[in-house]
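The values are calculated or read from the model by the stated rules, or taken from the named source; none is laboratory data. The structure presented is a predicted model; accordingly, all values stated were derived computationally and were not measured. For neighbour counting, all protein chains shown are included, and Cβ atoms are generated from backbone atoms with ideal geometry for every residue, glycine included. When the accessible area is computed, the model is the full protein with side chains, heavy atoms only, and any ligands, DNA or RNA have been set aside. Shrake-Rupley method; radii C 1.70, N 1.55, O 1.52, S 1.80 Å.
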Amino acid sequence: MTAYDVERGDAVHPGKPVTVDRYTGGARINHWITATCLVLLALSGLALFHPSLFFLTGLFGGGQWTRAIHPWIGVVLFFSFTGLFIRFWRANLWKAEDGTWLARLKDVLTGHEERLPEVGKYNAGQKAVFWGMSFLILILIASGFVIWDQYFAAYSTIDQKRIAVLVHAVAAVTIICVWIVHVYAAIWVRGTISAMTRGRVTGGWAWRHHRKWLRELVGGKGRRS
Ligand code: HEM
């Protein structure tokens with residue numbers, strides 16, 4: 001039987017060091033398209049958010065271009081993130097050990113990983129980021145359509161648009177904060193970045209941070225690749 005958190009392509013390779021495949025080429029391309037979109041959306045969105053940040057429109061060819069391009073990048077991000085969601089939702093399901101992990105967040109932050117329960121492919125923090133991003137992107141696309149006047153002006157009232165602008169801005173600031181946590185964690189946990197650049201990590205990294213997942217792979221619960 002395949003474990004819930006073993007994804008397509010996950011596999012262990014003996015050697016010195018042992019390496020573990022964590023992301024397929026497709027998953028990585030999908031991830032970096034999404035990441036690029038979010039950065040471009042943050043820059044163009046902030047440019048439209050406050051006059052003091054209007055200078056950022058220079059990156060997109062001026063104010064009119066920024067206004068025109070921003071929603072389209074949002075549409076690309078929505079479909080790209082949907083791809084990530086389909087790939088990763090199962091491995092991000094909440095499990096009993098995640099509650100324990102979260103309750104010991106102090107040990108996570110102070111580097112006492114030996115006091116934490118063994119976790120699968122993702123820990124509770126990664127799962128929170130995953131579901132947080134999923135929820136916020138839904139809010140952003142839905143509120144974004146309400147204020148996309150070029151095509152949808154007639155479908156909502158001025159009052160609805162005012163609420164949508166506020167919701168859109170709050171969700172955008174929140175997702176930028178979630179994104180900062182995501183990037184910080186990826187850099188802070190040494191050896192993680194190679195998962196999304198080369199697609200693999202070392203056996204030591206997997207043993208230290210995602211031991212349950214490694215055990216499943218070694219124990220043959222992984223999908224054949
Ligand atoms: C440019 C900055 C970014 C960097 C450096 C980065 C880095 C990474 C790394 C290293 C991983 C692998 C983590 C692991 O396997 O333990 C990962 C996974 C992931 N990233 Fe990013 N990322 C960035 C932006 C984004 C953005 C903008 C999104 C979505 C809007 C995103 C969504 C995800 C998702 C869904 C995963 C799968 C792992 C999970 O479910 O937690 N990333 N990222």
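Key figures
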{"quantity": "Net dipole in debye of segment 11-218 [+1 Lys, Arg Cβ; -1 Asp, Glu Cβ; about Cα centre; nearest 20]", "calculated": "600"}
{"quantity": "Heavy-atom accessible surface of segment 11-82: percent carbon and sulfur, 1.4 Å", "calculated": "77"}
{"quantity": "Computed Rg/Rh of the chain, alpha carbon atoms with Kirkwood Rh", "calculated": "1.04"}
{"quantity": "222 nm mean residue ellipticity, helices alone, for the chain (DSSP H n ≥ 4; -39,500 (n - 2.57); rounded to 500)", "calculated": "-20500 deg cm²/dmol"}
{"quantity": "W188-F49 pseudo-label distance in nm [points 7 Å out on the Cα-to-Cβ vector]", "calculated": "2.1"}
{"quantity": "Heavy-atom accessible area order for K127, K161, largest first, 1.4 Å probe", "calculated": "K161, K127"}
{"quantity": "Contour minus Cα-Cα distance for A96 and R67 (0.36 nm per residue)", "calculated": "5.9 nm"}
{"quantity": "FRET efficiency, D107 to C177 (Cβ-Cβ, R0 25 Å, nearest 0.05)", "calculated": "0.60"}
{"quantity": "Of the DSSP H helices in the chain, those whose Cα atoms cover at least 15 Å axially and whose Kyte score averages -1.0 or more", "calculated": "25-49, 63-88, 124-146, 158-188"}
{"quantity": "Solvent-accessible surface (1.4 angstrom probe) belonging to W72, in square angstrom, nearest 10", "calculated": "130"}
{"quantity": "Mean separation of Cα contacts under 8 Å, 6 or more apart, over the residue count of the chain: relative contact order %", "calculated": "34"}
{"quantity": "Under-5 Å amide H pairs with T19, H placed in peptide plane, nonlocal only", "calculated": "H13, G203"}
{"quantity": "Mean separation of Cα contacts under 8 Å (6+ apart) over length of segment 1-122, as relative contact order %", "calculated": "26"}
